[in-house]
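A short reminder: the numbers here are calculations on the coordinates, not readings from a lab. As the structure is a prediction and not an experimental result, all values here were calculated from the model. Every residue, glycine as well, gets a Cβ built from its backbone with ideal geometry; the counts of neighbours run over all protein chains shown.
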Amino acid sequence: MIEHPLNSESCLAVVIELLGKRGVTLDDIAEIVFFLQTEYVPDLTMELCLESVMSVLKKREVQNALLTGIQLDMLAEQKQLLPPLQEIIETDEPLYGVDEVLALAIVNLYGSIGFTNFGYVDKLKHGKLAQLNDKRFGVHTFLDDLVGAIAAAASSRIAHRQKQQEECLEREA
């Protein structure tokens with residue numbers, strides 16, 4: 001990995017690079033967003049979903065959560081964490097909730113609908129989340145929740161914009 005100055009643009013580049021190295025594309029996340037919102041937004045496109053994902057990823061708080069969570073997953077894969085944290089993260093211990101708490105920092109940026117979307121997608125494990133949750137493909141204790149949170153936040157962003165458009169049309173009528 002190349003050195004990057006500490007700013008939002010370079011952090012965004014690192015986050016996208018790390019997601020890719022961990023097997024997650026922006027299209028994977030956009031597909032989850034599409035799944036979450038297609039029933040509610042009649043003219044929804046993958047392009048709109050991808051745009052929303054990028055908007056979420058540009059937020060520094062989101063970048064910080066991803067950098068932290070991905071690093072912890074990688075250290076666990078390399079068996080570099082102290083016990084018992086090593087085993088807790090490596091096995092995705094059911095009573096360990098720090099991964100969800102970190103993800104909630106992302107959904108919190110988009111209000112209560114973000115929490116609802118996150119809970120739904122976290123339980124359902126749609127799309128890429130099912131693979132990230134499968135322990136045979138590496139340690140993704142944090143990443144599965146973070147990807148779900150990005151999708152939930154991007155979905156919430158679309159829902160908020162949809163409501164604003166509907167209100168605008170009502171005022172014009």
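Structure values in brief
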{"read-out": "Derived scalar couplings ³J(HN,Hα) [region 74-83; Karplus, 6.51 cos²θ - 1.76 cosθ + 1.60; whole Hz; x for Gly, Pro]", "value": "5, 5, 5, 4, 8, 6, 9, 8, 6, x"}
{"read-out": "Over 25 Å between alpha carbons, listed pairs Lys59/Lys79; Lys59/Lys128; Lys79/Lys135; Lys58/Lys163", "value": "Lys59/Lys79"}
{"read-out": "Whole-number D in µm²/s for region 56-100 (Stokes-Einstein; Kirkwood sum over Cα pairs; 37 °C, 0.692 mPa s)", "value": "291 µm²/s"}
{"read-out": "Check: the chain dipole with +1 on Lys, Arg Cβ and -1 on Asp, Glu Cβ, in debye", "value": "160 debye"}
{"read-out": "Cα lying deepest toward the dipole's positive end in region 20-151, options Gln86, Leu44, Gly23, charges on Cβ", "value": "Gln86"}
{"read-out": "Alpha carbon convex hull of region 1-87, projected area averaged over orientations, nm²", "value": "7.2 nm²"}
{"read-out": "Binned Cα-Cα distance frequencies in region 21-172 - 10 Å width, integer %", "value": "12, 41, 31, 12, 4, 1, 0"}
{"read-out": "Nearest 10 degrees, 0 to 90: helix 143-172 Cα axis against the chain principal axis", "value": "10 degrees"}
